[in-house]
Amino acid sequence: MAKVLEMRGITKQFPRVLANDHVYFDLEHGEIHALVGENGSGKSTLMSILYGLYQKDAGEIIVRGQHVEITEPRRAIDLRIGMVFQHFMLVEPLTVAENIVLGSEIRKGPFLDYKKMIAEVRRLSEEYGLQIDPEAKIADLSVGLQQRVEILKALYRGAEILILDEPTAVLTPQEVDDLIQVLRNLKAKGTSIVFITHKIKEVLAVSDRVSVLRRGRKIGTKLTSDTNEQELAEMMVGRVVLLQVEKGSAQPGPEVLRLEGVSVKDQFGQVKVNNVNLSVRSGEVLGIAGVEGNGQSELVEAIAGLRRVSGGKIYLSGQDITGWSPLRIRRAGFGFVPEDRHRRGLVLDYSVADNLILGIHGSKPFVTSAGLRNQGKIGEYAEELIAEYDVRPPVANQAVRNLSGGNQQKVVVAREFAQNPDLLICSQPTRGVDVGAIEFIHKQVIAQRDRGAAVLLVSAELDEVLSLSDRVAVMYNGEIVSVMPIEEATEHKLGFLMLGGRLEDYQAGEVSGSAGQS
Amino acid sequence: MRDKVKALPWQELLLPLVAVVLALLVGSVFILYVGENPLKAYGILFTESLGSMRNIATTLQRATPLMFTGLAVAFAFRAGLFNIGAEGQLYIGAFCAVWVGISFNLPRIIHLPLAIFAAMVGGALWASIAGYLKAKLGVHEVINTIMLNFIALFLTDWLVTGPFHGGSWVPETVRISSSAAFTRIYLPTRLTTAVYVAGIAAAAVYIILWKTKRGYELRAVGLNPDAAEYGGINVARNTVIAMAISGALAGLAGAEQILGLHNRFIVRFSSDLGFMGIAVALLGKNHPVGVLLAAVLFGALQAGSAAMDRSTAVPRELITIIQALIIFFVAAEFLIRRMLRLKEDA
Ligand SMILES: Nc1ncnc2c1ncn2[C@@H]1O[C@H](COP(=O)(O)OP(=O)(O)OP(=O)(O)O)[C@@H](O)[C@H]1O
Ligand SMILES: [Mg+2]
């Protein structure tokens, strides 16, 4: 097969880190090439260089046999290179077709030729099996479909080389399967694809070859058929990785969180959480399984005091905290890893140190009695946490915006866990995080549990729910439809319940009567 | 998406400088058009604004109110608020100052600070209305500060032509008692001790924003209100506080105008000082030091313009054009960044 792309000796130095160190990368015609590596290993940087967002310090890029300089994304597009980012860049009120042609509209005289635009987009969508309605409004589409619009946008601009930076991090398991199918279709049509991910299962499922980066260096490239999960994990992290969580059995203590008939409405008055009763005890992990968008986010934000409840009561360690301010709830012994670290969890333009004190920034020793910030203490505290949680690069006064996604997550986790809260809510704690860091975060969650925290875990990853939880609750359509001990939970059973199946109907030959509402 | 090139500190200073140079370049086209030599015109502009101690004093005097309004706009901006209402806050502050200035007879050591304080309180309260409307009712601050500007304007119009009219044929109040006036520090220019107050205000802004817990909260609200809320920060309260402090700074501009320059309230005395504050804040990158520098630049342009008008064919309106061009180029930061990078690559 012919090489459509070769990157040789690519080097990129950022003020404090060597993000790419003489990296070689190539792409063959019609292949799916997975690019993996730890957080901060330089994957996004390498691809941003290819797309013209960053300028390389050294190295050369050869596209279809030609040496090229890609100084800006325009140039990349001219070279038929397209990129889909993790954070979409779509104009919400516009339709799919309008978004796709934006910047290269089809005109009829001075006017836009809507009919032709829609027809063209429809043709492309059908050709690649994307199943997108060109006239739908972006705001009405699910995340998975919005991502397809991004892909279509690249294809419309003629992309033959498609870069996808962590496309699956925002998707539900079903959407991931759909995406994989789309990628196969694209490949069959001759598109060459770079696929960045942290999930080794996806690498094995979809790619032809896989390249591993570690700390800016290329560690190796393998045929996917010649490798396996364990080997890839070790190449990424540079040591043996435990893919299974090691944990002893739970020693549940007194009840810490109690929800009594909690209901939550969204801003339009739609019921998102309906009459939820739940109890989490000290020393146990309660996992909430469910397809995203079934009220988990709203429930968790209500507990955190970030959303008003429309009915019911919330108790933390016996105290009625319904309607308390977020600060008061925090001070009562609450820690919270939010699902969206960019929107909720971090002030991206604040330094690592300033993010590490968010929420406790008003407490001693970080402020003096005169209300002045104690920079010395803030710095010391940050250094400690950076070391303990292995945030890289270990620089306290660097803006969090410049950290890789996984390291940003570590900052959030470090901040919340370090408080040793009585109740710890972890929403998607390992989203976009590398295998090594997943192992680390999982260990920390168990350590929190063993310390006596009540942990409420919300995750779209069934694997994660199954491996960390002591009890599992399934949420569907705003309701907790079932709570069961971990021994009774299987992937199949949870999947059935998550999609709205009823426990009574679940016929798998297992116990079904004993696992009702507890 | 991440910034392409992470701005280095020197670039922070470089960009406004480039904007100023570009504005002067484009301005020279106008000078050529009226048949003058740009070098000569700019030469006069420069010597008349910075060429002697006396001219520097005049420049500083012109810059002082802009320092206050620039700080006001910058402060609100750091908390994510676009305060278009500095003009109105300035008028309310000015009125409070003049009221204290004419109504009391006190020793200077009390009278002047009291008048200054009154101006701050007036500006702060007026701006808090906008903050409250934003925080509690979600009325955008751009809209409600603009409306409050009109109200402040007509309110002071009425007060000064009605209950507080000085009795002459001019719409103005009587003079304040001299114990409430700022002291002139470089005669014969009208530069007063108010410029020291501006320096103190800039230092205070810096300390509040970057050295206090309050500043941490205000900036967090400005950068990411959702994260701030999550971190236990009361967004509504901080919005009101940010507007109040911003309004107090704008009120100080009013105090300077009354207690330092006019010594009475003349109806509609402010020549858009509040709105110029937006430009000053923009050019000064919303940093107190940058704001002081930007205010001095604008002060210099104004100070030099009269002489340029007198001794060349260039009308003083050119200065307005140059100020507008500076704002234009600062706003077109993206363009300048691009030009700079092209140069670096070459
Ligand atoms: N604009 C920037 N300024 C300074 N450092 C940066 C910048 N962008 C990235 N870095 C640093 O470069 C390194 C590589 O980052 P990059 O985003 O390429 O990692 P990644 O492999 O994509 O990680 P992740 O899997 O977490 O997304 C990191 O150490 C990061 O902190
Ligand atoms: Mg990345």
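I want the antiparallel fraction of DSSP beta bridges within chain A, as a percent rounded to 5.
In chain A, approximately 55 percent of DSSP beta bridges are antiparallel ones.
Two decimals is fine: what's Rg over Rh for chain A, C-alpha atoms, Kirkwood radius as Rh?
0.98
Using only the alpha-carbon atoms, what does the protein assembly as shown span along each of its principal axes? Please give whole angstrom values in decreasing order.
100, 69, 54
Non-local amide H neighbours of A:GLY287 (under 5 Å, H modeled in plane, Pro and chain starts lacking H): which ones?
For A:GLY287, the qualifying residues are A:LEU457, A:ASP470, A:ARG471, A:VAL472, A:ALA473.
Order these peptides, A:476-486, A:403-413, B:315-325, by their mean beta-carbon neighbour count within 10 angstrom, highest first.
A:403-413, A:476-486, B:315-325
Run lengths n ≥ 4 of DSSP H only: what is the helix-derived mean residue ellipticity at 222 nm for chain A, with -39500 (n - 2.57) per run over all residues, to the nearest 500?
Using -39500 (n - 2.57) per qualifying helix, the result is -9000 deg cm²/dmol.
Sorted by packing (mean other beta-carbon atoms within 10 Å per residue), highest first, where do B:279-288, A:260-269 land?
So the peptides B:279-288, A:260-269, ranked by packing, come out B:279-288, A:260-269.
Can you tell me the relative contact order of chain A? Whole percent, Cα pairs under 8 Å, sequence separation 6 or more.
That works out to 15 percent.
What is the log10 of I(q)/I(0) for the stretch A:1-119, computed with the Debye formula using one identical point scatterer on each Cα and no solvent, at q = 0.09 Å⁻¹?
The Cα Debye sum returns log10 ratios of -0.34.
Give me the summed buried accessible area for the A-B pair, 1.4 Å probe, to the nearest 100 Å².
On the way: alone 22720 and 16710 Å², together 36680 Å².
Between A and B, the summed buried area is about 2800 Å².
For chain B, modelled as a GNM with alpha-carbon contacts under 10 angstrom, which of B:ALA19, B:ALA57, B:ALA227 fluctuates the most?
Looking only at B:ALA19, B:ALA57, B:ALA227, the biggest GNM fluctuation is shown by B:ALA227.
When the Kirkwood hydrodynamic radius is evaluated over all pairs of different C-alpha atoms of the stretch B:266-346, what value in angstrom, to one decimal, is obtained? Don't skip to the end; give the middle numbers.
Numbers: mean 1/r = 0.0695 Å⁻¹.
Its Kirkwood hydrodynamic radius stands at 14.4 Å.
Taking the Cα centre of each part, how many Å lie between the stretch A:137-154 and the stretch A:426-453?
Between the Cα centre of the stretch A:137-154 and that of the stretch A:426-453, the gap is 31 Å.
How well do other chains shield peptide A:372-385, expressed as the mean number of their Cβ atoms within 10 Å of each residue Cβ?
Taking all residues of A:372-385 together, the mean is 1.
For the stretch B:114-267, give the magnitude of the charge dipole about the Cα centre (Cβ charges: +1 Lys/Arg, -1 Asp/Glu; no others), in debye to the nearest 20. Present the calculation step by step, with values, prior to reporting the outcome.
Working: 11 positive and 7 negative charges, 69 e Å.
Dipole of the stretch B:114-267, to the nearest 20 debye: 340 debye.
Please give me the summed charge of the neighbours of B:THR212: other residues whose Cβ is under 12 Å from its Cβ, Lys and Arg +1, Asp and Glu -1. Provide the component values of the computation, followed by the final result.
Details: positive: A:ARG373, B:LYS211, B:LYS213, B:ARG214, B:ARG219; negative: B:GLU217.
Around B:THR212, the charge tally is +4.
At q = 0.16, 0.24 Å⁻¹, what log₁₀ I(q)/I(0) does the stretch A:317-374 have when each alpha carbon counts as one equal point scatterer in the Debye sum?
-0.64, -1.09
Using a cut-off of 14 Å between beta-carbons, work out the net charge of the residues near B:GLU48 (Lys and Arg +1, Asp and Glu -1, B:GLU48 not included). Working shown, then result.
On the way: positive: B:LYS40, B:ARG54, B:ARG62, B:ARG310, B:ARG316; negative: B:ASP309.
Taking every Cβ under 14 Å from that of B:GLU48, the sum is +4.
Across the Cα atoms of the stretch B:265-305, what radius of gyration and what greatest pairwise Cα-Cα distance (Dmax) are found, in Å?
Rg then Dmax for the stretch B:265-305, in Å: 11.3, 32.
Rg/Rh for the stretch A:205-265 to two decimals, with Rh computed the Kirkwood way over all alpha-carbon pairs. Numbers along the way, then the final one.
Numbers: Rg = 20.9 Å, Rh = 15.9 Å.
Here Rg/Rh amounts to 1.32.
Pull up the DSSP beta bridges for the protein assembly as shown and report the antiparallel fraction as a percent, rounded to 5.
Working: 49 of 84 bridges.
Taking every DSSP beta bridge with both residues in the protein assembly as shown, the antiparallel ones total about 60 percent.
What is the angle, in °, between the Cα long axis of helix A:114-127 and the longest principal axis of the Cα atoms in chain A? Nearest 10 is fine, range 0 to 90.
Approximately 80 degrees, to the nearest 10.
Take every residue in peptide A:338-348, count the Cβ atoms of other chains within 10 Å of its Cβ, and give the average of those counts.
Mean partner shielding for this stretch: 4.
How would you order A:231-242, A:333-344 from highest to lowest mean count of nearby Cβ atoms within 10 Å?
A:333-344, A:231-242
For every helix of n ≥ 4 consecutive DSSP H residues, a contribution of -39,500 (n - 2.57) applies; sum these over chain B, divide by its total residues, and give [θ] at 222 nm rounded to the nearest 500 deg cm²/dmol.
-24500 deg cm²/dmol
Cα-based Rg (one decimal) and Dmax (whole number) for the stretch A:3-237, in Å?
Calculated on Cα positions, Rg and Dmax stand at 17.8, 59 Å.
Using the 2.2 N^0.38 Å rule of thumb for compact globular proteins, work out how the stretch B:87-163 stacks up: its C-alpha Rg over that value, please.
Values: Rg = 14.1 Å, N = 77, 2.2 N^0.38 = 11.5 Å.
Relative to the rule-of-thumb radius for its length, the stretch B:87-163 sits at 1.23.
On the accessible surface of chain A, probed at 1.4 Å, how many percent belong to carbon and sulfur atoms?
49 percent
Accessible area per residue of the stretch A:3-237 at 1.4 Å probe, in Å²?
Dividing the accessible area of the stretch A:3-237 by its residue count gives 42 Å².
Reachable lysines from A:LYS265, Cα under 17 Å, same-chain residues fewer than 8 places away excluded?
Leaving aside lysines fewer than 8 places away in the same chain, those within reach of A:LYS265 are A:LYS313.
Hey, could you get me the Stokes-Einstein D for the stretch A:319-427, Kirkwood radius over alpha-carbon pairs, 4 °C and 1.567 mPa s, rounded to whole µm² s⁻¹?
D, rounded to a whole number, is 91 µm²/s.
Which percent of the Cα-Cα distances in the stretch B:68-296 go past 33 Å?
It works out to 15 percent of all Cα pairs.
Partner chain Cβ atoms within 10 Å, averaged over the residues of B:222-228 - can you pull that number for me?
Mean inter-chain Cβ contacts per residue within 10 Å come to 6.
Which percent, to the nearest 5, of DSSP beta bridges fully inside the stretch A:3-237 are antiparallel?
55 percent
Straight-line reach from A:LYS189: which lysines have Cα under 22 Å away, leaving out those fewer than 8 places along the same chain?
Qualifying lysines at Cα under 22 Å: A:LYS3, A:LYS153.
At what distance in nm do the modelled label points of B:VAL21 and B:ALA331 sit from each other, each positioned 7 Å from its Cα along Cα→Cβ?
A separation of 2.3 nm, rounded to one decimal place.
Where the only charges are on Cβ atoms (+1 Lys, Arg; -1 Asp, Glu), what is the dipole of the protein assembly as shown about its Cα centre, to the nearest 20 debye?
The calculated dipole for the protein assembly as shown is roughly 3100 debye.
The values are calculated or read from the model by the stated rules, or taken from the named source; none is laboratory data. Not measured: the values here are computed from a predicted model. Counting neighbours? That spans all protein chains shown, and the Cβs are built from the backbone with ideal geometry, glycine included. Heads up: the accessible areas ignore ligands, DNA and RNA and are worked out on the full protein's heavy atoms, side chains in. Shrake-Rupley method; radii C 1.70, N 1.55, O 1.52, S 1.80 Å.
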